[in-house]
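Any read-out appearing in this document is the output of simple, stated calculations on the displayed coordinates, not a laboratory observation. Remember, predicted model here, so these are calculated numbers, not experimental data. Methodologically, a virtual Cβ is constructed for each residue, glycine included, from the backbone with ideal geometry; neighbour enumeration extends over all protein chains shown.
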Amino acid sequence: MTEPLIAPPGLHDVIVADTEIGDVRGREGYYHYREHSAIELARTRSFEEVWYLFAHGRLPTAGDLSAFVDETSACRAIPDEVGAILTTAALLGGERESLAGLRTVLSAVGPATGARPLWDCDDDARRDQTIRVAALTPTVLAALHRIRSGEQPLQPRPDLGVAANWLYLVTGHVPGPAQVRAIEQYLIATIDHGFNASTFTARVIASTGADVYAAVCGAIGAFSGPLHGGAPDRALDALDEIAAHGDAHAWAREQVAAHRRIMGFGHAVYRTADPRSVMLREIALELGGPLVDRAVEAESAITEVLAEAHPDRPRHANVEFYAGVVMECCGVPRAMFTPTFAVSRTVGWCANILEQARVRKIIRPAARYVGPAPSGR
């Protein structure tokens, strides 16, 4: 019997699957969706076009896109059967716990819409389920926020695209074109990013043959952690602390001396600048304003202090740092920063769920027992 392989902590650099969805090249500061640069897609395409790429494996023609927009728009409405659950979920927990409410509601939407296990579905049925859950997610998140804020949820508008609809559903106002495009570029840039914790979780659950909603809810649970999707609002909280302190260099040195992690800096994969952060910094500068000025100054100071503390491994601003700045400039409430991230990432999870479902083999690694020796043997 051969000895089992022992994986490094966190499965660092362990390849666990083949994928055609995309890849992250950390040393190059580059990532792509299929054969396309993700940043180039964010600069030149609409969210709906890139969503189609994830759902069908290619960019759409004009006719494809029109039909896809109609299909996805028709899936945005919350089923009547889960209306009462929506209200209950919205009133549980604090204002920054919308992801917990989303898990609750989506868990109910599955059986309410007759979702079947992936194992029992063909490719078309699986794809239909993923389209519904990705289209529905923004509506649910916005409704949870508005109910918690004492306001009535709004109905999705068929004349608005995904990004504009998201801002409208959350704020109650039709946004301007600059804000729509800024959020749209952010959403495109964050659809997928390698085998991160939430994507891997989604694929593990999909490998069991469970339904799409189970896999997405598991991904949301992993995503909610502060070391993963829960970081954009914390990064902006840090900017508030710096403003109150008055000296970004001194504040950063205090964090380093206390061994506190500075949210919005460093990345598990990139060894150079995070390309998403580079693009979002450009978008923030286009939007302008005092917050952007403070963010640019803080980024410079923190990067300098971290380089002094860790000369062997510089830590650059990651996607969360400028994501919070851009979202605040576009009127997104801070409690909805991480949910905005989830709006886009659900599309990526769904693509990974579909890919994993075709494998038809459960993910079942082993663990090394290091506890006390069993008795009686």
Q | HN-Hα J in Hz across the stretch 91-105 - Karplus 6.51, -1.76, 1.60, θ = phi - 60°, x for Gly and Pro | A | 8, 9, x, x, 5, 9, 10, 5, 5, 5, x, 4, 4, 4, 5
**Q.** Viscosity 1.306 mPa s, temperature 10 °C, Stokes-Einstein D of the stretch 200-281 from Kirkwood C-alpha radius, µm²/s
**A.** 104 µm²/s
Q. Using helices alone, what [θ] at 222 nm do you get for the chain, with -39,500 (n - 2.57) per DSSP H run of 4 or more residues, divided over all residues and rounded to the nearest 500?
A. -18000 deg cm²/dmol
**Q.** Overall Cα dimensions of the stretch 234-335 - principal axes, largest extent first, Å
**A.** 36, 30, 22
Q: For the stretch 310-375 and the stretch 121-161, compute the distance between their C-alpha centroids and round to whole Å.
A: 21 Å
Q) Where does the stretch 150-241 land on Rg(C-alpha)/(2.2 N^0.38 Å)? A) 1.32
Q: For the stretch 110-121, just list the computed ³J(HN,Hα) in residue order, Karplus coefficients 6.51, -1.76 and 1.60, θ = phi - 60°, integers in Hz, with x standing in for Gly and Pro.
A: x, x, 5, 9, x, 5, 9, x, 3, 4, 9, 10
Q.
What are the extents of the Cα atoms of the stretch 40-120 along their three principal axes, in Å, largest first?
A. 42, 33, 24
Q.
How charged is the neighbourhood of PHE195? Take every other residue with its Cβ under 14 Å from the Cβ of PHE195, and add Lys/Arg as +1 and Asp/Glu as -1.
A. -3
Q | Sequence ranges 174-186, 88-100, ranked by mean other-Cβ count within 10 angstrom, highest first | A | 174-186, 88-100
Q. Across the stretch 257-268, in residue order, what do the Karplus-derived ³J(HN,Hα) couplings come to in whole Hz, using 6.51 cos²θ - 1.76 cosθ + 1.60 with θ = phi - 60° and x for Gly and Pro?
A. 5, 8, 6, 8, 6, 8, 5, x, 9, x, 8, 5
Q: Could you let me know the centre-to-centre spacing of the stretch 37-109 and the stretch 214-280, using Cα atoms, in angstrom?
A: 25 Å
Q | Within-15-Å neighbourhood charge of LEU41 [Cβ basis; K, R +1; D, E -1] | A | -1
Q: Under 18 Å from a label point 7 Å along Cα→Cβ of ASP240: give me every residue in the stretch 126-152 with its amide N that close.
A: 149
(Q) To check my understanding: the extent here is largest minus smallest coordinate of the Cα atoms along each principal axis. What are those three numbers for the stretch 1-155, in Å, largest first? (A) 54, 48, 36
Q. Direction-averaged shadow area of the convex hull around the Cα atoms of the stretch 155-209, nm²?
A. 5.4 nm²
Q. Could you give the radius of gyration (one decimal) and Dmax (whole number) of the Cα atoms in the chain, in Å?
A. 21.1, 72
